[in-house]
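*Asks:* Just dropping this structure here.
The values are calculated or read from the model by the stated rules, or taken from the named source; none is laboratory data. The model shown is predicted, which means the values in this text are computed figures rather than measured ones. Here Cβ is always computed from backbone atoms with ideal geometry, including for glycine, and neighbour counts include all displayed protein chains. Quick note on the areas: whole protein, heavy atoms, side chains included, nothing else; ligands and nucleic acids left out. Shrake-Rupley method; radii C 1.70, N 1.55, O 1.52, S 1.80 Å.
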Amino acid sequence: MTLFTTPASFGRIISVKGSLARVGLLAANQMAPAKARATVGCFVSIRCASSTIIAMITEVSCENMQEPDTYIASASVDLLGEIVGGPDRPKFQRGVTIYPTIGDAVELISNAELRTVYAPTGSDQINVGTLQQDKSVIAYVDVEEMLSKHFAVLGSTGVGKSSGVSLLLNEILRVRPNLRIFLLDVHNEYGRCFGDRALVLNPRNLKLPFWLFNFEEIVDVLFAGRPGVPEELEILGEVIPIAKGVYTQYQNSDRIGLKRIDPKTIGYTADTPVPYRLVDLISLIDERMGKLENRSSRIIYHKLISRIETVRNDPRYAFMFDNANVGGDTMAEVISYLFRLPANGKPMTIMQLAGFPAEVVDSVVSVLCRMAFDFGLWSDGVSPLLFVCEEAHRYASADRNIGFGPTRKAVSRIAKEGRKYGVYLGLVTQRPAELDATIISQCNTLFAMRLANERDQTLLRSAVSDAAANLLSFVPSLGTREVLAFGEGVALPTRLRFKEVPPHQLPRSEATISTVPSVAVGHDMHFVAAVLERWRGATSHRDVPNDPGFTDRPMPRTLETPMLQPSLGLDPDRFSLLKKPLR
């Protein structure tokens, strides 16, 4: 019994082995002309007794043909799934329960069968494009499966990867308007892709207090990404918990006569996310330095104080240190603002990283990943968050000697455990071979665009578990906006074409910069001076009117920004620095 009546077969099964089968292709005069064009990448249907098996052609050859009179060539096909339920209520399911037998008819899949395979199974489906084999069939992606088991978008530069990410996220927001999305925008491309549904953060409007950084992260900031000096690290590890205790004790001692508690007994560690003040930290180091007689030991303390002062006074680090203690413990406000709780009509956060000092980007990403996971963990995942990491190979490199260890650890933790706590991961990279294999293996839905590098293709082949892994041989020849979709989010491993993205949702990088200088643009001294003004403005406290982010900056006191009010009893000049001269 066949489920669909179609024209004559173009081949017959000649061998079956596991999830693979060989098809003998009949001579051209025995089939319709359209059937003779069946080639690599085409879906076929195999008529069995009680079902129709859906398979894909992965190889065609006329070598070593045993029966030249009957067949002109043979084709290898991967068995992907089957249509069951009869012609009245056909239903597609993955996997094969009844295998084909020798002589079963093989036909090019019909439009009706394709629609059965790709029919949306619920309201949680998004339309991302059309099938490459039949442009009349819409390719749907299951949002729940894609998010809950993580996803990755892989592709070389210029293949439409960024516009594909914009398409996916806009469609996700359409069907999940309350899902919170946090996007790490490495090249500041996505600022205008999501309209008024996204809050755009950059160094000029971000407030990320330094005391939210754990010990490894603050060390990375103070030492500008280089390994820390062991002696200085030992001192920091001792005084940071005490500084936290001092601050907590001072905040709790507003009433006169309240018994003071020894800060050392409060029980904080260097990683506890509670406020402390740099002035307290420096005073504690200075106090220890004053008790030393040995000149060389005092130099270590003096260098550490100088290092802290230098970073604190650097205008590029203003987002960490300026007013970091105003309002006391503002962790709730910061997390509410960063991760959109409540969303206030903007469920998405775009973190533009291009303006941050290169030495501190890894630490900032580490803090954000870690806080996203920890909030999901301690809230039992009641408010799901999708964390999208652009240029993911920068932060979770396969080479352990490259990048910042805590950042890799934070991303890896989301990949391995995040789904249990409502923290989902989306990875975007052009170099999957440089990405930690453990992390990419956790992504159960892959969108692979054109990849020319052999190492990238090899890693992709090892990450794909579907029966149609042979599809990956098409990766080097994919066109722009073409993508191979694998995994849980799609019904079948599919070659599809992303649909057109509206102009207002295109990432800014889509506007190609010409290599030929325009005669109409006057490159005079005024032009150079304007560029230098923007350049210098990035490393100063002044607002530069022609800075591209100037118009996007929020007003100083809006309802959106955290209300950072000075708390009673907080005296910023409580300690004075007593520098001990070096003798």
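*Asks:* Please specify each residue of segment 329-387 satisfying the condition of being at positive phi and touching a His at 6+ places or on another chain (Cβ under 9 Å).
*Replies:* Our first condition is that a residue be at positive phi; within segment 329-387, this holds for 340, 344-345, 380-381.
None - no residue of segment 329-387 is at positive phi and touching a His at 6+ places or on another chain (Cβ under 9 Å), so the list stays empty.
*Asks:* Consider segment 223-234. How many of its residues are at pLDDT 90 or above and open to solvent by less than 20 Å² (accessible area, probe 1.4 Å)?
*Replies:* Summing the residues that are at pLDDT 90 or above and open to solvent by less than 20 Å² (accessible area, probe 1.4 Å) in segment 223-234 gives 0.
*Asks:* I've got another one for you. Would you tally the residues in segment 164-193 being of a type in the set (Ser, Thr, Tyr) and open to solvent by 10 Å² or more (accessible area, probe 1.4 Å)? Outline the logic, then answer.
*Replies:* First, pick out the residues of segment 164-193 that are of a type in the set (Ser, Thr, Tyr): 166, 190.
Retained after the next criterion (residues that are open to solvent by 10 Å² or more (accessible area, probe 1.4 Å)): none.
Result for segment 164-193: 0.
*Asks:* If we scan segment 48-67, do we find a residue that is open to solvent by less than 60 Å² (accessible area, probe 1.4 Å), under 28 Å from GLY489 (Cβ atoms), hydrophobic (A, V, I, L, M, F, W, C) and over 42 Å from the mean Cα position of the chain (by Cα)?
*Replies:* yes
*Asks:* Any residue that is at pLDDT 90 or above, touching a Cys at 6+ places or on another chain (Cβ under 6 Å) and either among the small types (Gly, Ala, Ser) or open to solvent by less than 70 Å² (accessible area, probe 1.4 Å) (or both) - is there at least one of those in segment 430-453?
*Replies:* Within segment 430-453, none of the residues are at pLDDT 90 or above, touching a Cys at 6+ places or on another chain (Cβ under 6 Å) and either among the small types (Gly, Ala, Ser) or open to solvent by less than 70 Å² (accessible area, probe 1.4 Å) (or both).
*Asks:* Right, here's the next one. If we keep just the residues of segment 411-429 that are open to solvent by less than 10 Å² (accessible area, probe 1.4 Å) and assigned to a helix (DSSP H, G or I), which is farthest from VAL143 (Cα to Cα)?
*Replies:* Quick first cut of segment 411-429, residues open to solvent by less than 10 Å² (accessible area, probe 1.4 Å) only: 411, 414-415, 418, 422-423, 425-429.
Okay, now just the ones that are also assigned to a helix (DSSP H, G or I), so 411, 414-415, 418.
Details: VAL411: 21, ILE414: 18, ALA415: 17, GLY418: 16 Å.
Among residues in segment 411-429 that are open to solvent by less than 10 Å² (accessible area, probe 1.4 Å) and assigned to a helix (DSSP H, G or I), the one farthest from VAL143 (Cα to Cα) is VAL411.
*Asks:* If the requirement is being touching a Phe, Trp or Tyr at 6+ places or on another chain (Cβ under 9 Å) and in a loop (DSSP other than H, G, I, E, B), which of these qualifies: ASP286, ASP271? Spell out how you get there, then give the answer.
*Replies:* Working: ASP286 fails: in a loop (DSSP other than H, G, I, E, B).
None of the other options fit; the residue is ASP271.
*Asks:* Would you say GLY381 is open to solvent by less than 10 Å² (accessible area, probe 1.4 Å), over 13 Å from the mean Cα position of the chain (by Cα), within 26 Å of PRO177 (Cα to Cα) and free of Cβ contacts under 8 Å to residues at least 60 places away in the same chain? Before you say what the answer is, go through the steps one by one.
*Replies:* Numbers: open to solvent by less than 10 Å² (accessible area, probe 1.4 Å): no; over 13 Å from the mean Cα position of the chain (by Cα): yes; within 26 Å of PRO177 (Cα to Cα): yes; free of Cβ contacts under 8 Å to residues at least 60 places away in the same chain: yes.
No: the conditions fail for GLY381.
*Asks:* For segment 79-111, give me the residue count where each residue is surrounded by 15 or more Cβ atoms within 10 Å (Cβ to Cβ), among the aliphatic types (A, V, I, L, M) and farther than 14 Å from PRO493 by Cα.
*Replies:* Selection size over segment 79-111: 7.
*Asks:* How many residues, within segment 138-186, are part of a strand (DSSP E or B) and hydroxyl-bearing (Ser, Thr, Tyr)?
*Replies:* First pass over segment 138-186, keeping only residues part of a strand (DSSP E or B): 138-142, 151-154, 180-185.
Going one step further and asking which of them are hydroxyl-bearing (Ser, Thr, Tyr), we end up with 140.
Here the count works out to 1.
*Asks:* Which number in (1) among the β-branched types (Val, Ile, Thr); (2) surrounded by fewer than 22 Cβ atoms within 10 Å (Cβ to Cβ); (3) touching a helix residue (DSSP H, G or I) at 6+ places or on another chain (Cβ under 9 Å) marks the one condition that THR480 misses?
*Replies:* (3)
*Asks:* Restricting the search to segment 112-131, which residues are surrounded by fewer than 18 Cβ atoms within 10 Å (Cβ to Cβ) and either touching a helix residue (DSSP H, G or I) at 6+ places or on another chain (Cβ under 9 Å) or part of a loop (DSSP other than H, G, I, E, B) (or both)?
*Replies:* From segment 112-131, those surrounded by fewer than 18 Cβ atoms within 10 Å (Cβ to Cβ) are 112, 115, 119-124, 127, 130; that's our starting set.
Listed by number, the residues that qualify are ALA119, PRO120, THR121, GLY122, SER123, ASP124, ASN127.
*Asks:* Among VAL128, VAL84, which is farther than 30 Å from MET348 by Cβ, touching a Leu at 6+ places or on another chain (Cβ under 9 Å) and at pLDDT 85 or above? Write out each step before concluding.
*Replies:* On the way: VAL128 fails: farther than 30 Å from MET348 by Cβ.
The match here is VAL84.
*Asks:* When segment 298-321 is examined, which residues are found to be without any contact (Cβ under 8 Å) to a residue 60 or more places away in the chain and either touching a Ser or Thr at 6+ places or on another chain (Cβ under 6 Å) or open to solvent by 40 Å² or more (accessible area, probe 1.4 Å) (or both)?
*Replies:* SER306, THR310, ARG312, ASN313
*Asks:* Next up: So, in segment 390-410, exactly how many residues are under 20 Å from VAL475 (Cβ atoms) and part of a strand (DSSP E or B)?
*Replies:* Quick first cut of segment 390-410, residues under 20 Å from VAL475 (Cβ atoms) only: 391-393, 398.
If we keep only those that are part of a strand (DSSP E or B) too, we end up with none.
So the answer is 0.
*Asks:* Can you pull out every residue in segment 194-217 that is part of a helix (DSSP H, G or I) and open to solvent by 10 Å² or more (accessible area, probe 1.4 Å)?
*Replies:* Within segment 194-217, the first condition is being part of a helix (DSSP H, G or I), and the residues that meet it are 195-197, 210-212, 215-217.
Selection gives GLY195, ASP196, ARG197, PHE215, GLU216.
*Asks:* Among the residues of segment 489-531, count how many are open to solvent by less than 80 Å² (accessible area, probe 1.4 Å) and modelled with pLDDT of 80 or more.
*Replies:* Total satisfying the criteria: 19.
*Asks:* Suppose the filter is within 30 Å of LEU168 (Cα to Cα), open to solvent by 50 Å² or more (accessible area, probe 1.4 Å) and small (Gly, Ala, Ser); does GLY345 pass it?
*Replies:* Details: within 30 Å of LEU168 (Cα to Cα): yes; open to solvent by 50 Å² or more (accessible area, probe 1.4 Å): yes; small (Gly, Ala, Ser): yes.
The answer is yes for GLY345.
*Asks:* So, in segment 246-269, exactly how many residues are more than 23 Å from GLU333 (Cβ to Cβ), at pLDDT 85 or above and crowded, with 19+ Cβ neighbours inside 10 Å?
*Replies:* 0
*Asks:* Going by the structure shown, is ASN470 over 15 Å from VAL128 (Cβ atoms), at pLDDT below 75, open to solvent by 30 Å² or more (accessible area, probe 1.4 Å) and not acidic (Asp, Glu)? Reasoning before the result, please.
*Replies:* On the way: over 15 Å from VAL128 (Cβ atoms): yes; at pLDDT below 75: yes; open to solvent by 30 Å² or more (accessible area, probe 1.4 Å): yes; not acidic (Asp, Glu): yes.
For ASN470, the condition - over 15 Å from VAL128 (Cβ atoms), at pLDDT below 75, open to solvent by 30 Å² or more (accessible area, probe 1.4 Å) and not acidic (Asp, Glu) - is met.
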